[in-house]
Structures are given as structure tokens and as C-alpha cells.
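Report on one structure; see the data block that follows.
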Amino acid sequence: MKCLYCDRKIEKYTFSSLFLKEDGLCCECRSRLIPKRKIINIRGMEVETFFEYDGMFRSLLLQYKECCDEALKDVFLYGISDYINLRYHGYRLLFVPSSQTKLKMRGFDHLEEMFSEVKLKRTGGLKMKRELTQEGRNREERNLMLNNYIYEGGPLKKVLIVDDVVTTGSSLAGVFRTIELFSPKIKVLALAYKKT
Amino acid sequence: MECLRCGNKDPAYFYKGSKGYYCRRCIRFSRLLLEEEPESFEYEIASGADEYHFSYELTPEQKDASAKCLKALANSDVLLNCVCGAGKTELAVESISSYLSRGLKVAYAIARREVVIELEKRFREIFPQADVISVYGSHHEKLNGDLIICTCHQLYRYYDTFDLLVLDEVDAFPLKGNETLMNIAIRSSRGRIIFSTATLDTGLKAILKKRRYETVELFIRPSHRPLSVPKLIFLNKFLAILCLYRIMALTANRCIIFVPDKRSCRNLYLIFSRLFSCTYVYSDLKERESNITAFRQGDHRFIFSTSVLERGITIRNVDVIILNFGKTFDQSNLIQMLGRVGRGMDSDGRSYIISDHFSKEVEKTMQYLKKANSYL
């Protein structure tokens, strides 16, 4: 098998790889993508993160999202999905919605694919009011995201809001504000945080 | 199964996604589904776009090589094998003009962004009536024009588009050893290709073997001066620094000091910046552009550099010192670095290679210089 990132043949295996599912990355690439759990406080929310949005994670995410390389879907949560299953047992996953244009272009929901190994139940019904992208926007412009979500589902007991990268936290805060009217217990998780 | 963009046929590189199979070999350029045909461009060349003029006279050798190049293109591709500073860009101009006059599409692709920007300006002066556009990195709003100057990576946007493609510096990063990118480059052309190089290596020979081509050589610079033959100095690392200090103290010229890695680049800068007016540069340095500009403008006399400055920089009266420790520099690196010396009509300079051993690469470089200088 070849590494999904560097194309080199995977020859070496780590001790942990004996217990986990087959990894798509070789040892060298994986060593540059080791999760480091960190709780960050942003806009009054406690967000659990695992990576810094930099270097290897950034390259992989860009290849996955912008170049639509679906093959990479399992590399991000390798070794983390079991932790999420245990830590958030009983919670329902709620993905921060992507813009329709991006979804159409990609042909897949990148968060749903990434979290395909997570066994928690999903919940839907969250929509964007307007098509807004965050690329190239400053902090003030990103605040538009705060009131840009609408929830059309029923009440929820426990919700885990999930996004890929947290920068200013405006998307997550927008979703949080919308959902807190429907659920008494909300946790927030982002795979990576971006230093601003 | 074959990827139309990069030519990959290895099934291991095809992945079935939500929209169907796509090639992962060239995925970093964007996803191309197997059933999709890459985008190709048609464009009507403006009349008068082919008119060109130089603000200087070409030498008889350059005129001769330029005519040979155009003649050879009628039947096959061309390998332009010229020494550094021989004016490879000028040699392609007549051929470009000929293709434009027939309404055919032409592109000039080169490795580095900085060189694309510089070439765009030069080509605008040479072809005043043509719509010359540049495509690189994030600069890709306009993709079509009479003459396209782009980085090699941007060729993935043009499938089967160009009737004449000039691939400059084929011996260098990123084309060197990158089969995928080379295939993308070749597939962007539907007609002829001019492979332009100063250092013909085995990798390029292997690519050319599969194609019909004619070689046009030019081993004489317009100044008719020989290529700079370096003084070889063999010392250990500590003595090398002392020797470097002595050369820097004695030279009156500006000087590019090539070092094998970023760490030594930074460290040597920290040592010598207390003694001389100097700066430094390496590929991912934030102040890269400003440091190069400062050196070009003469604000500093010395610049420590990794191989980033081996191409695309022309400074009159410059010396070159190469600290050749380890196995970082190969023949093509060394030739390009030494090629910085004596560029332009009345430019002069000296070159040195300081090393702890006499490597094969240095030996090959010396042989190449000897051969090239024998044409004078």
C-alpha cells in the first residue's frame, strides 16, 4: 500500500498500528500529524481541538477540501474516532453546514465523510440562511455568520457541534446560538484551531 | 484507465469518489474525473501580435541559433542546449513570432514565479502589440491571451492547447525528476515543444528519447567571454569560514555565497553581518523578496543564499563563492551558480568552490566548463 500523501510505499508500521485500522499515511507523514488535544475558549464556548491548523494538517485539509481528494477522508480522525465515540457517548453529531456551491462542486459533505468512522447518531435540519463563504474575510465580516443559521428540526437532548477548523469561532458561535434554544446540553469540537 | 491530464495508467492511483473515478497522481492540481476532459483553450491571436523588436542587437551566433531553432521546429521538437547567459530567451523569440503570425497559440513556461514576472515585462517590450499575460500562483484571473508566460505548475490549466510550448529550465526544480508534472507540461502542448536547458542531464535525455527532436547548441555568450572557471579550495569547515572571510575582505565586487542549507545560511549571516554589509535568503524566508531587492539595488555587498538564487538573477560584476559541503549541489546546481558570474556585455567576476573533498559533481562541472569554453 502507498501513502496517500507522499506516495511512498508504507513499509514501516508503528506499535499502535497493530491495534488500529490500517492507516492511509506512512510513518513519516503520520509523525507530522500527531493529535494533541487542546481545549480553547472562544466566544464563550469551550472548543475541543486536536491539531494546529498548520503544516501537514493544512496541506492535507487543502488537498481534501479544495482538490476534492476524497481518499483522504479517514486520515484526519485516525486514532481519534474511538476517543470521540467514548467521550461523547449519547451525543448527536451536528455538522456545521457548508455552502451549497462548495457541496455541489465537491460532490460530498467533507465533514460527514471525515466523521464516517464516528458511530454517534447524526442530526440534521441546520441550514444557512444566506450563502456566505469565509475565505478572505476579516473578523468583522465573519461576524455575519453569527446570525446566518436556521434550525428546522425538533428538540435535542445532547448535541456535539462539529467543524473542521476554528479561526474566529464565528460559525461555531452562530450554530451554538441557534441550537441552544433547542438543546440543554451542547459541546463543541473542531479538528484544528488556527492561531490568529 | 488513463488520466488525460498526467497520463497515469497505474490503477493504484485511481480512486472512486462520490462523483466517480479520479486520478490521485495529479490530484494536487485539482480533481479530474476519469470521464472528464480537461479544459483546453481557443483564442484568436490579434493581428500584429507577432511583430517584435529587440532594444539591442543579437550576436551573429544568436541569430544563427535562432534561425536553426525555427527551421528545426518545422519537423520536430527542439532541444536548446546553451550555456548560462547565452540568451536562451532571445533564441526562442523568432520561433514564437513565427507561430503567432500564423495565428497559433504559444506559451513560455518556466520554474519560478519571480522569473515569470520578469519575463512578462521583457516580452511586453519585445512584442509590443501582443497581449502578453502571466499566470502564476494566485495570479490566474486572466488565463488567455496572445502569449502566455506561466510557471510550469500552471500548465495543468491548459490541456492540449499550445501549438508551441517553450519549456525553460527543464533541468531544474520542479520539472526535474517530476514525471507527473513533466507529463502535464507535455500534454498541454498539441504541437511542438522547445526544451531549453543549460545542463542536459540523464533524466531529460530519457524524456527526449521518446520524442523526435533536434538539438540547437550555443556555447558562446554574447560578450564572447569564457564561462567563469572556479578556483577550487579544499579545506575543512572551520578553515573554510576563515577562507571565506579572507575572500570577502579582499574582493571589490558584490558577492553571492551559496551554502548547502538554510541553517548554515542563517548562521553564516549572523557571523558575517557583524563584519560586512550582508543579507541572506532561502526559499521560505518571509523577507525573501525584500532581501533580494536590497542586494540587487546594492544596499548590501554580500548575500548568503541556498540554491534559490542559482537561476533568474543577473547582476553585473558579481563574484560567486560556493560552499560545497555534503552532497547538496549536483552538476546542474554548480553550473547554474557559476553561471551568475560574467552575465551581460561588460561584466566581470570570479568564482570559488570551497569544499572538503573533490566530488564527482565538481569534476563533471569542471569538464563541462572546459568543453563550453573550448568553443571560443
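Observations on the model:
- GNM top mover of A:MET128, A:MET105, A:MET45 - chain A, alpha-carbon springs below 10 Å: A:MET105
- Computed over all pairs of different Cα atoms, the Kirkwood value for the hydrodynamic radius of chain B is 22.0 Å.
- The amide H of B:GLY17, built 1.01 Å from its N in the peptide plane, has B:TYR22 as neighbours under 5 Å, considering only residues 5 or more places off or on other chains.
- Here's how it looks for A:LYS2: its modeled amide H is under 5 Å from those of A:ILE10, which are all 5 or more places away or on a different chain.
- Mean separation of Cα contacts under 8 Å, 6 or more apart, over the residue count of the range A:80-135: relative contact order %: 52
- Residue among B:THR199, B:THR328, B:THR306 with the largest mean-square fluctuation in a Gaussian network model of chain B, springs linking Cα atoms under 10 Å: B:THR328
- Each residue of the range A:155-166 was assigned a 3J(HN,Hα) from its phi angle through the Karplus expression (A = 6.51, B = -1.76, C = 1.60, θ = phi - 60°), giving x, 10, 7, 10, 10, 10, 7, 10, 9, 7, 10, 10 Hz with x at Gly and Pro.
- Per residue of the protein assembly as shown, the DSSP helices (runs of n ≥ 4 H) give a summed -39500 (n - 2.57) that works out to -8500 deg cm²/dmol at 222 nm.
- Hydrodynamic analysis of the range B:262-376 uses the Kirkwood radius over alpha carbon pairs. Inserted into Stokes-Einstein at 37 °C and 0.692 mPa s, it gives a translational diffusion coefficient of 218 µm²/s.
- The ellipsoid equivalent to the alpha-carbon distribution of the range B:30-157 has semi-axes of 26, 16, 16 angstrom, derived from the gyration tensor eigenvalues as √(5λ) and listed largest first.
- Where the Cα pairs of chain A fall when distances are cut into 10 Å bins, in %: 8, 35, 37, 16, 4, 0
- Degrees, to the nearest 10: B:262-272 long Cα axis against longest axis of chain B: 30
- For B:ILE322, nonlocal amide neighbours, meaning residues 5 or more places apart or on other chains whose placed amide H falls under 5 Å from its own, are B:PHE258, B:TYR352, B:ILE353, B:ILE354.
- For the range B:334-349, 3J(HN,Hα) per residue [Karplus equation, 6.51 cos²θ - 1.76 cosθ + 1.60, θ = phi - 60°, Hz, x = Gly/Pro]: 4, 5, 5, 4, 5, x, 6, 7, x, 7, x, 6, 10, 9, 9, x
- Most fluctuating residue given options B:SER95, B:SER307, B:SER47, as computed from a GNM of chain B linking Cα atoms under 10 Å: B:SER47
- Folded to 0 to 90 degrees: helix A:55-65 orientation relative to chain A principal axis, Cα: 70
- The stretch between B:LYS121 and B:CYS243 holds 39.9 nm of extra length on full extension. This uses 0.36 nm per residue minus the Cα-Cα distance.
- Helix axis angle, B:113-126 relative to chain B longest principal axis, alpha carbon, degrees: 70
- Above 31 Å, the calculated P(r) of the protein assembly as shown contains 59 percent of its Cα-Cα pairs.
Coordinate-derived values only; no laboratory data. This one's a predicted model, so the numbers in the text were calculated from it and none came from an experiment.
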